[in-house]
Amino acid sequence: MYTILKKEVLNPTVTKMVIDAPFVAKRAKAGQFIILRVDEQGERIPLTIADSDASTGSVTIIFQIVGKTTMLLNELNEGDSLHDFVGPLGKPSEIEANEKVCVIGGGVGCAIAYPTAKAFHKAGADVTTIAGFRNKDLVILEEDFKEVSDAYYLMSDDGSAGEKGLVTNKLEELILNGEKFDRVIAIGPVIMMKFVCLTTKKYNIPTIVSMNPIMIDGTGMCGGCRLKVDGKMQFACVDGPDFDGHLVDFDEAMSRNMAYRDFELHEREATCN
Ligand code: FES
């Protein structure tokens, strides 16, 4: 059993939990994920490792309440336990020490972007972070990002937090102002990653995307995370989650994602009734 050591509500739909999981904490690297089950009958869900501490044996997860399992997970409190907590899984992100990188997070994708920004910073890279949210109530991890970034830009759709605009507006502004990024790493809604890649393609900047948001069970069995990369079929949970964003077929990934969202909504309604 894996005890919840700490629970923190980050915004009305996003919760952070620190879990006692020493074996996972010992091996965890940026970009990897765990699969958890709330109870014996529960479904398996993959969640990115937002942080880990090998010395205390703790692993941090951040999740958005979008479906039945995340709703049940959110009902648990400090001292409660999870039935399964397996990992670390997936290939770790490639971290380069001598690069100037721009890490872009969108919404709850910032929970996945944060460990990547932190790993680049720790390795000695120059890190610019652009974090985008719909409005100020949804902002998460602002102070955490500032600690690991040489420059941090907060964007919101309605201008209620940071600057009004999209993450791609800020990215293009920085590029036009002379910033020379060796690499851009984008993590968030699939539509956001698509437009980040369209922007960076114009300026020939290598771009990595995390396709974690399209994963369903993380096992390589359900087929829900299938995507086309450079014309070849890949699985986000087995072959990724990181991919060369300029080679990903985002339109196909988005239509697959929508089909599963409808299923989740149905399951969630069934749980609430
Ligand atoms: Fe099910 Fe990858 S998430 S196969």
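Since every read-out is calculated from the coordinates, none of them should be taken as a lab result. Note that the structure is predicted; figures quoted are calculated from it, not measured. All Cβ positions, glycine included, derive from the backbone under ideal geometry; neighbour counts span all protein chains shown.
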For the range 74-126, what Kirkwood radius comes out of the mean inverse Cα-Cα distance, in Å?
-> 13.6
Tell me, Kirkwood radius of the range 57-186 from alpha-carbon pair distances, in Å?
-> 16.1
Extension reserve of the Met71-Met221 stretch, reckoned as 0.36 nm per residue once the Cα distance is removed | 51.6 nm
For the chain, what is the percent of antiparallel DSSP beta bridges, rounded to the nearest 5?
-> 60
What number comes out for the charge environment of Ala117, summing +1 per Lys or Arg and -1 per Asp or Glu over other residues with Cβ under 12 Å away?
-> -2
Spin-label model distance (nm) - Ser81 vs Glu143, 7 Å beyond Cα toward Cβ = 3.2
Return the calculated 222 nm mean residue ellipticity for the chain, to the nearest 500 deg cm²/dmol, obtained by summing -39500 (n - 2.57) across DSSP H runs with n ≥ 4 and dividing by the residue count.
-> -9000 deg cm²/dmol
Could you please report the charge total around Glu40, scoring K, R as +1 and D, E as -1 over all other residues with beta-carbon less than 15 angstrom from its beta-carbon?
-> -2
Contour excess over end-to-end distance, with Cα ends at Asp150 and Leu247 and 0.36 nm allotted per residue | 32.0 nm
Gain in span if fully extended, Asn98 to Lys201, counting 0.36 nm per residue against the direct Cα distance = 34.9 nm
Do you know the relative contact order of the range 3-69, to the nearest whole percent, from alpha carbon pairs under 8 angstrom that are 6+ apart?
-> 35
Environment charge at Lys228 (Cβ cut-off 12 Å; Lys +1, Arg +1, Asp -1, Glu -1) | -2
Between Ser55 and Ser255, what is the spin-label point distance in nm, taking each point 7 Å from the Cα along the Cα→C-beta axis?
-> 5.2
Mean Cβ count within 10 Å, highest first, over the residues of peptides 188-195, 92-99, 43-50, 110-117 = 110-117, 43-50, 188-195, 92-99
In whole percent, what relative contact order does the chain give with Cα contacts below 8 Å and a gap of six or more residues?
-> 16
Using a Förster distance of 41 Å, the FRET efficiency for Asn135-Phe23 (Cβ separation, nearest 0.05) | 0.60
